[in-house]
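What follows is one structure encoded as structure tokens, with my remarks underneath.
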Amino acid sequence: MRLPPFSQFCSRTRIISGEHALERLPGLLSSMSVKNPLLLTDKGLEAAGLLRLVIDHIEKGKLPAPLIFTDIPPDSDLQTVNEIAHLYREKGCDSIIALGGGSVIDTAKAVNIVVSCAEPDAQVLDLRDFSGADVITQRLLPLIVLPTTAGTGSEATIVAVIKDHENNRKMLFTSNFLQPTATILDPDLTLTLPPFLTAAVGMDALTHAIEAYTCLGKNPLSDGMSLQAIRMIIDNLEYSVAHPEDRSSRLALAIGANLAGQAFSNSMVGIIHTVGHTVGSICGVHHGLCMSILLPYGLEYNLHKIEKELKELSLYLCGEQKEAIGTIAAIRSLNDRLKKATAGRHVTRLHDVLDRDKRSAVRPDHLPIIAVEALGDGSHFYNPEQIDYDDILYLLNAAYWGYPLDRELIQKGHE
Ligand SMILES: [Fe+2]
């Protein structure tokens, strides 16, 4: 095993999981001496009945109903964060409950930064003062996360991403203090996720685990979590897509995604996220779908540097020991089966991704722009092979048209 010269692992979130684990929410709130929480969610989850489900559990525990905010957009943004922070202060809240996927969770983390770190008498509460790595150096107020997708792993990570529309940029916040106080993984919270999204977010979680296992920040602790995450996701993803009502596979996916989140939060990711973040922000492609398309291409790009690791992963992805290319082939065939199971919606080439008007979301002329922008994404520092503009463009063209990368060409290019 390749041991890193230095590594650290931080996982400070209390994780409560199981069927009907939500019943533990009132006890959890009481144990934290929380009196006036602010519950954040979005309109879609309110319409799906999940907000009601959570309120019912709180009321059953004889606790007062929390203050509720449901206007969180699909992409967490600065204005929303500052608005919620004002509300939190005005109403004298003492904690946050986040019910949702990545956007709600990241918004909750960002609100928590502002309300915990800004001076109590500050007139202007502004998140921008806290962006960057390790700017936050103090314990934050209690944050309880109830994830409604099994994918982002945001309930376990040290990261939050918030869009600053005014300056047209995404602000990144990283700090060990951003890991929530507690999270509840209950399959009742993911049962309403449609098959297409179940497949996409599950592949995002799988990508977290595989990139964590193969990137430069890998370490024995994150490796252990990655391997268990891969096992749980591979054993349950297709079944959950085919049987969305099955609580057991939903729970396994939620735990797998959480493990993958803990793994990559402590080892980082690589080229697949480097390129995927940019395809998502320029072309509006769903992050999970982006990950599933790019995963085999990113691994092919790194193949000559991660043969040993991919060979190890073949046990989990192929069910038997195979060569590294066998692992990549297994991912391609998983994507093909998910495409079939979702009536073609889980596409496997960038060329086939459609926007809301059923037009191509990614065009050939986008590719050079994505290649330039992607170089500014910090995750490429952890990729096992160096990356430049030509490499990214080559990978993008392959993922766009659906042809495999030429291993020898990549290897020669880096000699
Ligand atoms: Fe991701």
When Ser240 is run through (1) crowded, with 24+ Cβ neighbours inside 10 Å; (2) within 15 Å of the ligand (Cβ to nearest atom), the failure sits at (2)
*Would you say Ala160 is under 14 Å from the mean Cα position of the chain (by Cα), of a type outside the set (Asp, Glu) and assigned by TED's automatic domain parsing to the domain that holds Gly18?*
yes
Among the residues of segment 295-305, is there at least one that is away from the ligand (no atom under 11 Å from the Cβ) and within 22 Å of Lys170 (Cβ to Cβ)?
yes
Checking Asp391, Asp336 in turn, the sole residue that is part of a helix (DSSP H, G or I), acidic (Asp, Glu) and farther than 30 Å from Leu193 by Cα turns out to be Asp391
Only one of (1) over 20 Å from Val81 (Cα atoms); (2) within 15 Å of the ligand (Cβ to nearest atom) does not apply to Leu191, and that is (2)
| request: Examine segment 163-177 for a residue that is modelled with pLDDT of 90 or more and either under 24 Å from Leu50 (Cα atoms) or surrounded by fewer than 14 Cβ atoms within 10 Å (Cβ to Cβ) (or both), and state whether such a residue exists. | output: no
Would you confirm whether any residue within segment 340-363 is under 17 Å from Lys305 (Cβ atoms) and either in contact with a Lys or Arg (Cβ under 7 Å, 6 or more places away or on another chain) or crowded, with 16+ Cβ neighbours inside 10 Å (or both)?
no
Val269 fails exactly one of (1) within 10 Å of the ligand (Cβ to nearest atom); (2) surrounded by fewer than 24 Cβ atoms within 10 Å (Cβ to Cβ), namely (2)
On the given criteria, is Glu385 in the same structural domain as Ala200 (by TED's automatic domain parsing), among the acidic types (Asp, Glu) and surrounded by fewer than 16 Cβ atoms within 10 Å (Cβ to Cβ)? no
Among (1) over 19 Å from Leu189 (Cα atoms); (2) within 16 Å of the ligand (Cβ to nearest atom); (3) in contact with a Ser or Thr (Cβ under 8 Å, 6 or more places away or on another chain), Asn219 falls short only on (2)
Subset of segment 79-105, residues touching a helix residue (DSSP H, G or I) at 6+ places or on another chain (Cβ under 8 Å) and surrounded by fewer than 20 Cβ atoms within 10 Å (Cβ to Cβ), comes to Asn82, Arg89
Turns out the strands (runs of 3 or more DSSP E) fully within segment 119-228 with at least 2 residues that are free of Cβ contacts under 8 Å to residues at least 60 places away in the same chain and over 13 Å from Gly102 (Cβ atoms) are 169-174
When segment 91-105 is checked residue by residue, the ones that are over 23 Å from the mean Cα position of the chain (by Cα) and free of Cβ contacts under 8 Å to residues at least 60 places away in the same chain are Lys91, Gly92, Cys93
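The values are calculated or read from the model by the stated rules, or taken from the named source; none is laboratory data. The shown structure was predicted, so the numbers you read here are calculated from the model rather than taken from an experiment. Heads up, the Cβs are rebuilt from the backbone with ideal geometry, glycines too, and the neighbour counts pull from every protein chain shown.
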